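Every number in this text was worked out from the coordinates using simple rules, so none of it is lab data. Given the structure is predicted, the values throughout are model-derived calculations rather than measurements. Here the Cβ positions follow ideal geometry from the backbone for every residue, glycine too, while neighbour counts run over all protein chains shown.
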Amino acid sequence: MIKLAVIRIRGQIGLSRKVKDTLKMIHLFKRNSCVILDANPSYLGMLNTAKDYITWGELNETIFNTLLKNRGKLPGNQTITEDYVKKKLGISMDEFSKEFMLFKKELKDIPGLKPYFRLKPPIKGFENKGIKVPFSQGGSLGYRKDKINELIMRMI
């Protein structure tokens, strides 16, 4: 199994109740926020339901590590530090990232870490045809395999 990074692209306007509830269940409350999910059938069904408002793909370890270091937040809007992880878990952030990608650890193992990451809008914008067209047709929505890593790097 693999880890998926899911980013919300579009806002609240025109959402059906089903899609709104789905986005709430996977903690995507605002535009340009990101969550990390396992690729199990229940989550894949949720992603398919909300495919007109989100984009997702396979996350790699180095991107997850930079996402955690730069955008991981604790209560009080404090960024997560190497010392905090070392004190709470006894391992470094790099080791935590490796174990997380191997399904040995979870994000909730770090006490107080928020389950989502707030990102900036991407540098040089989204793809050519905008945020209402699927990725396969040159837009930004839907499944984008490992190209999600490039988008996340532009949004960090």
Checklist entry - How much length, in nm to one decimal, is gained on full extension between LEU44 and GLN12, taken as 0.36 nm per residue of separation minus their Cα-Cα distance? => result 9.4 nm
Checklist entry - To the nearest whole percent, what portion of all C-alpha pairs in the stretch 67-156 is separated by more than 24 angstrom? => result 34 percent
Checklist entry - When the chain is modelled as a GNM with alpha-carbon springs shorter than 10 Å, which of LEU89, LEU28, LEU119 fluctuates the most? => result LEU89
Next on the checklist: List the lysines whose Cα sits under 19 Å from the Cα of LYS124, skipping any in the same chain fewer than 8 residues away.
Outcome noted: LYS132, LYS147
Checklist entry - Against the longest alpha carbon principal axis of the chain, how many degrees, from 0 to 90 and to the nearest 10, is the axis of helix 61-71 turned? => result 80 degrees
Checklist outcome for this item: Dipole check, the stretch 77-147, charges on Cβ (K,R +1; D,E -1), about Cα centroid: among ILE123, LEU89, PRO111 the Cα furthest to the positive pole belongs to ILE123
Item to check | Label point 7 Å beyond Cα of MET25 along Cβ direction - residues of the stretch 45-81 with amide nitrogen under 12 Å | outcome: 45-50
Checklist entry - With each run of n ≥ 4 DSSP H residues scored as -39500 (n - 2.57), what mean residue ellipticity at 222 nm is computed for the chain after dividing by its residue count and rounding to the nearest 500 deg cm²/dmol? => result -10000 deg cm²/dmol
Checklist entry - So how do 109-115, 132-138 stack up, highest first, on mean other-Cβ count within 10 Å? => result 109-115, 132-138
Checklist entry - Which residues in the stretch 135-152 place their backbone N less than 19 Å from a point set 7 Å from the Cα of GLU58 along the Cα-to-Cβ direction? => result 135-136, 142-152
Checklist entry - Per 10 Å bin, what is the whole-percent P(r) computed from every C-alpha pair distance within the stretch 61-109? => result 27, 62, 11
Next on the checklist: Can you give me the Kirkwood hydrodynamic radius for the chain, using every pair of distinct Cα atoms, in Å to one decimal?
Outcome noted: 16.0 Å
